[in-house]
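Right, one structure below, let's go through it.
The values are calculated or read from the model by the stated rules, or taken from the named source; none is laboratory data. This structure is a prediction, so every number in the text was calculated from the model and none was measured. Glycine gets a Cβ as well: all are built from the backbone with ideal geometry, and neighbour counts include every protein chain shown.
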Amino acid sequence: MTGKGLRAVGGRHPSRWLDPRGRHLGTWAFVLNRLTGLGLVAYLYLHLIVLSTLLRGPEAWDGLVAVFRRPVFLALDVLLVLGLAVHGLNGLRVALVGSGLLVDRHKALLVAAGVLVGLVGLVAAVRTFA
Amino acid sequence: MATRTRPDRTQAASPRRPRPTVAWMAQVVSGVLLLVLMTVHMVAQHFVVEGGLRTYQDVVAWIRNPVVFAVEALLLLTVTWHGIAGVHAVLLDLGLRGRAERIVARSLLGLAVVTVAYGLWLLATIAFRG
């Protein structure tokens, strides 16, 4: 989306989080939260489209389930869980720090969120492929 | 739809922090609620299910449970609000202002209403199918 509507007006400049060069780790995490959020919104609509297959009856749905049990789709499932974990846990950190809570611990929170995301990803991968 | 969220304040403590906006608080509350609802959804719908996905008959039987139906409906409502408000916040970050912003905000609100209406209809149709 470009054009007049996206220009800053009223003397307020647009946020520069999309250009995180030379910025701190917290800003990178904020950018990651925005990007995973946009990806998850896109997935929400993809998910609704897939679920609409249920309207076509048992054969259509069960056939789709067989396709989604292929390894490539299972890997995408793990990626989805990772995306949800990154957005959810890092979002919790952004919410805490943005609300003025644990501001001086924001780096420790980021490390904790990273560790938890790793654990969630590991559990998802083991549960999916084991 | 006033979804203006606060800019990145994840770097360090600010001695004069502005008061949180209603939109920011709504995004935080819906985000925390989503952490719970999404965890329930992922575990109950995928992690504990053999093969990760239910067959058609199992999906229908599962959605017919009133508690499951209510949780899924609440998840749909919360995730749609959180996602659409997040997209609006990103567009504001990019500098969307004025008339264009009002048009986009109304369009996003319309999209949210249609998404929830379709999702609820889909849930109900599946649940009440013989």
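What are the residues in the stretch A:93-113 that are more than 9 Å from every other protein chain (Cβ to nearest Cβ) and not in a helix (DSSP H, G or I), if any?
A:Leu101, A:Leu102
Given the condition buried (at least 17 other Cβ atoms within 10 Å of the Cβ), part of a helix (DSSP H, G or I) and charged (D, E, K, R), answer yes or no: does some residue in the stretch B:42-65 qualify?
Checked the stretch B:42-65: no residue is buried (at least 17 other Cβ atoms within 10 Å of the Cβ), part of a helix (DSSP H, G or I) and charged (D, E, K, R).
Please pick out the residue among A:Val81, A:Val67 that is in a helix (DSSP H, G or I), modelled with pLDDT of 90 or more and more than 9 Å from chain B (Cβ to nearest Cβ).
Just one listed residue meets the conditions, A:Val67.
Can you name every residue in the stretch B:51-100 that is under 19 Å from A:Arg34 (Cα atoms), of a type outside the set (A, V, I, L, M, F, W, C) and under 22 Å from the mean Cα position of the chain (by Cα)?
Listed by number, the residues that qualify are B:Thr78, B:Thr80, B:His82, B:Gly83, B:Gly86, B:His88, B:Asp93.
Residues to consider are B:Val68, B:Val87; find the one that is surrounded by 14 or more Cβ atoms within 10 Å (Cβ to Cβ), in a helix (DSSP H, G or I), more than 8 Å from chain A (Cβ to nearest Cβ) and among the β-branched types (Val, Ile, Thr).
B:Val68
Give me a count of the residues in the stretch A:83-95 that are more than 20 Å from B:Gln45 (Cα to Cα), touching a residue at least 24 places away in the same chain (Cβ under 8 Å) and surrounded by fewer than 22 Cβ atoms within 10 Å (Cβ to Cβ).
Residues in the stretch A:83-95 being more than 20 Å from B:Gln45 (Cα to Cα), touching a residue at least 24 places away in the same chain (Cβ under 8 Å) and surrounded by fewer than 22 Cβ atoms within 10 Å (Cβ to Cβ): 1 in total.
Have a look at A:Asp104, A:Asp77, A:Asp62 and point out the one that is of a type in the set (Asp, Glu) and more than 19 Å from B:Phe47 (Cα to Cα).
Exactly one residue qualifies, and that residue is A:Asp104.
Return the total of residues in the stretch B:101-111 being within 11 Å of chain A (Cβ to nearest Cβ) and either within 13 Å of the chain's Cα centre (by Cα) or in contact (Cβ under 8 Å) with a residue 24 or more places away in the chain (or both).
Here the count works out to 2.
Out of all the residues in the stretch A:20-57, which are surrounded by fewer than 13 Cβ atoms within 10 Å (Cβ to Cβ) and in a loop (DSSP other than H, G, I, E, B)?
Scanning the stretch A:20-57 gives A:Arg21, A:Gly22, A:Gly57.
Could you grab me the full set of residues in the stretch A:96-116 that are closer than 24 Å to B:Val22 by Cα and surrounded by fewer than 18 Cβ atoms within 10 Å (Cβ to Cβ)?
Matches in the stretch A:96-116: A:Leu96, A:Ser99, A:Gly100, A:Leu101, A:Leu102.
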